[in-house]
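Data block below; observations after.
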Amino acid sequence: MKYINIYISLFYILSGSFPIESGSTVAEEIDWMSWDRAMEANKEEKKKILVDVYTDWCSWCKVMDRETFSDSLIIQYINTHFYAVKLNAEQKEPILWNDQEFKWTPQGRNGVHELARALCDGEMSYPTYIFLTENHERIRISKGFKDARAFYPELVFIAEEQYLKTSLKP
């Protein structure tokens, strides 16, 4: 299975994009959700959850939005296999989840949201991507800017549950 990712990545690198099934419609953007909306959607149809932990001042977060999250293959793959959540690590609005209220707390220059801190194990850097199972168990913390060619194999690794079969990471 790990070789499939290599072949997929190689094809992607050489061709610049993956073919989309004919007759399918491709969304123009990722269906970003709030935490609450993703948790509700997950009750109806189980999917893995991708949390993009960002801040408004993070320049690499903006590059990720502009370049990687606008790639048609990335959009299609995320919308198909994940509930995608944008979580501002400095937001001041509380989030109630699993009978616990997560709030903004003063820390550093701008403070930090307790849910972002919990998801990131307290290691705050931006951008950070948290992958969760359908049952909200953390699969992986992934940090830093990634172009589409680097991010796609990681998405496949998570969606196809290759992390259960190997300790190698894409």
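The values are calculated or read from the model by the stated rules, or taken from the named source; none is laboratory data. In this text the structure is predicted, and so the values were computed from the model without any measurement. Cβ sites come from the backbone with ideal geometry, for glycine too, and all protein chains shown count toward neighbours.
Search segment 76-89 for residues being among the β-branched types (Val, Ile, Thr) and surrounded by 20 or more Cβ atoms within 10 Å (Cβ to Cβ), and hand back the single one that is nearest to Tyr129 (Cα to Cα). Don't jump to the end; show me each part of the working.
Of the residues in segment 76-89, the ones among the β-branched types (Val, Ile, Thr) are 78, 80, 85.
Imposing the further condition that a residue be surrounded by 20 or more Cβ atoms within 10 Å (Cβ to Cβ) reduces the set to 78, 85.
Numbers: Ile78: 13, Val85: 10 Å.
So, considering only residues that are among the β-branched types (Val, Ile, Thr) and surrounded by 20 or more Cβ atoms within 10 Å (Cβ to Cβ), the one nearest to Tyr129 (Cα to Cα) is Val85.
Residue under question is Val63, and the condition is that it be part of a helix (DSSP H, G or I) and either at pLDDT 95 or above or among the hydroxyl-bearing types (Ser, Thr, Tyr) (or both); does it hold? Step through it out loud before you land on a result.
On the way: part of a helix (DSSP H, G or I): yes; either at pLDDT 95 or above or among the hydroxyl-bearing types (Ser, Thr, Tyr) (or both): yes.
When the stated conditions are applied, Val63 passes them.
What's the number of the condition Lys92 fails, among (1) surrounded by fewer than 16 Cβ atoms within 10 Å (Cβ to Cβ); (2) closer than 22 Å to Asn42 by Cβ?
(2) is the only condition that Lys92 fails.
Give me the residue from segment 91-128 that is free of Cβ contacts under 8 Å to residues at least 60 places away in the same chain and of a type in the set (Val, Ile, Thr) and, out of that set, farthest from Cys61 (Cα to Cα).
This residue is Thr105.
Kindly check whether there is at least one residue in segment 152-168 that is among the basic types (Lys, Arg), surrounded by fewer than 20 Cβ atoms within 10 Å (Cβ to Cβ) and in contact with a strand residue (DSSP E or B) (Cβ under 8 Å, 6 or more places away or on another chain). Before the answer, list the steps.
Taking segment 152-168 and keeping what is among the basic types (Lys, Arg), we get 165.
Okay, now just the ones that are also surrounded by fewer than 20 Cβ atoms within 10 Å (Cβ to Cβ), so 165.
Retained after the next criterion (residues that are in contact with a strand residue (DSSP E or B) (Cβ under 8 Å, 6 or more places away or on another chain)): none.
Looking for residues that are among the basic types (Lys, Arg), surrounded by fewer than 20 Cβ atoms within 10 Å (Cβ to Cβ) and in contact with a strand residue (DSSP E or B) (Cβ under 8 Å, 6 or more places away or on another chain), one finds none in segment 152-168, hence no.
I'd like to verify a number: residues in segment 66-108 that are aromatic (Phe, Trp, Tyr) and in a helix (DSSP H, G or I), how many?
Of segment 66-108, the ones aromatic (Phe, Trp, Tyr) are 69, 77, 82-83, 97, 102, 104.
Now narrow it down to the ones that are in a helix (DSSP H, G or I): 77.
Within segment 66-108, residues that are aromatic (Phe, Trp, Tyr) and in a helix (DSSP H, G or I) number 1.
Of the residues that make up segment 115-123, is at least one part of a strand (DSSP E or B), buried (at least 19 other Cβ atoms within 10 Å of the Cβ) and among the small types (Gly, Ala, Ser)?
Restricting attention to segment 115-123, the residues satisfying the condition of being part of a strand (DSSP E or B) are none.
Checking segment 115-123: not a single residue is part of a strand (DSSP E or B), buried (at least 19 other Cβ atoms within 10 Å of the Cβ) and among the small types (Gly, Ala, Ser).
Within segment 148-160, does at least one residue satisfy the condition of being closer than 18 Å to Ile30 by Cβ, charged (D, E, K, R) and in contact (Cβ under 8 Å) with a residue 12 or more places away in the chain?
Within segment 148-160, one or more residues are closer than 18 Å to Ile30 by Cβ, charged (D, E, K, R) and in contact (Cβ under 8 Å) with a residue 12 or more places away in the chain.
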